[in-house]
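Coordinate-derived values only; no laboratory data. Bear in mind that the values here come from a model prediction, so they are computed numbers and not experimental data. For neighbour counting, all protein chains shown are included, and Cβ atoms are generated from backbone atoms with ideal geometry for every residue, glycine included.
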Ligand code: 3PG
């Protein structure tokens, strides 16, 4: 990773700093209460450091997508959680760039923090535009004159070319916050110069990017081995000609994965044994776990986990690895009967002694459930951005920090 500017490169004393963290957290759809504030507490580190350095901190963030159950327009609850993490009062104003917001920003004293209203209440925020186009938006035009530096801390939103991610870069000095810095460091350590051998474990239910990830990792010699689970495994088994059974094929079709079989087959032809697929699986017989060999398929019951023989093989495949990247659980971990494969393999990752990085979708949730979250070298806060990054995509948020956009 080329050098990006960080908090170390600026003098923040007395400066008004706009910080873009990712405060998009799980929300109870009925009560609209925050149910997990991990992200808010992580970003508090960047905000605390800025306060200690004498900055006047303005926070712009989003929660959910308009129209979806986890969307809330007011970020008052988020500001309170941030205050708890910082151990001091945080101001909140229910305005984004109007007179009320501007007055509150002008009134800030060094060391104070102000959170603005959900940035997605501004419809142009999420338009996919270039930094220059977003810099023309009302939101950026109104706020830019009031700020001195823009700090982008939201790696987990860096895959979005949104106004609050890229729009200030053409107008103001930009740098990465501590969360962004840490995410990029961990990911480049495992992707750019991994200590070999490097093993990648790919599972989860959102497998549509798996083909791209595997292609990227193997063609660039990043990974030496890929262990598949979840729907990724089913896609590759199907590409090998295994008949999974109608119920499983239907799931692959519904998730838009069925049509990826020819691409998966191409990868199997090119990289063969470097891509491991299960030799046995656990079927869901009305909630009961029944293991069968892959050679015994098809089945009319859903494949819901890797089997125990596969777990043994995967645990063995990890021995000697010096770097391990994990994305996605290996089975339907929400059901107790089908978390076993994920537990066995992820425990082996945690005790491997390798440099271990996890991220994407449900991975952090399953690690928390298994009590393994703190036993990985690094767990990314990102879902979609993590997936994009590990398939080699250029993230607009990272590109603006590198000065390439
Ligand atoms: C995330 O939770 O992955 C980020 O906050 C991005 O959210 P989005 O997918 O709604 O853009």
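Of note:
- Compared with the dominant Cα axis of the chain, that is its longest principal axis, helix 261-271 is turned about 80°.
- Mean residue ellipticity, 222 nm, helices only, the chain: the sum of -39500 (n - 2.57) across DSSP H runs of n ≥ 4, divided by residue count and rounded to 500, is -10000 deg cm²/dmol.
- Placing a label point 7 Å from the Cα of residue 308 along the Cα-to-Cβ direction, the residues of segment 269-290 whose backbone N falls under 13 Å of that point are 281-282, 289-290.
- Take every DSSP beta bridge whose two residues both sit in the chain; close to 25 percent of them are antiparallel.
- Ordering of 393-403, 94-104, 139-149 by packing [mean C-beta count within 10 Å, highest first]: 393-403, 139-149, 94-104
- Between 0 and 90 degrees, the angle of helix 38-52 with respect to the longest Cα principal axis of the chain falls at about 30 degrees.
- Against the chain, whose longest principal axis comes from its Cα atoms, helix 76-86 is set at around 90 degrees.
- Fewest neighbouring Cβ atoms within 10 Å first, the residues 342, 363 line up as 363, 342.
- Placing a label point 7 Å from the Cα of residue 13 along the Cα-to-Cβ direction, the residues of segment 54-87 with a backbone N closer than 11 Å are 54.
- Distance from segment 363-382 to segment 326-345 (C-alpha centre basis), Å: 13 Å
- On the basis of the beta-carbon distance and an R0 of 56 Å, residue 254 and residue 106 show a calculated FRET efficiency of 0.60.
- Shape of the chain, Cα gyration tensor, a/c cut at 1.5: prolate
- When you restrict to C-alpha pairs under 8 Å that are six or more residues apart and normalise by the size of the chain, the relative contact order lands at 15 percent.
- Relative contact order (percent, whole number), segment 194-390, Cα cutoff 8 Å, 6+ residue spacing: 23 percent
- What separates the Cα centres of segment 123-155 and segment 250-284 is a distance of 41 Å.
- Ranking of 273, 138, 133 by neighbouring Cβ atoms within 10 Å, starting from the fewest: 273, 138, 133.
- Rounded is the label for segment 7-180, because a/c, from the alpha-carbon gyration tensor with a ≥ b ≥ c as root eigenvalues, stays below 1.5.
- Packing-based ranking, highest mean first, of 151-160, 34-43 given that Cβ atoms within 10 Å are counted: 151-160, 34-43
- Sorted ascending by nearby beta carbons within 10 Å, beginning with the fewest, 390, 4 become 4, 390.
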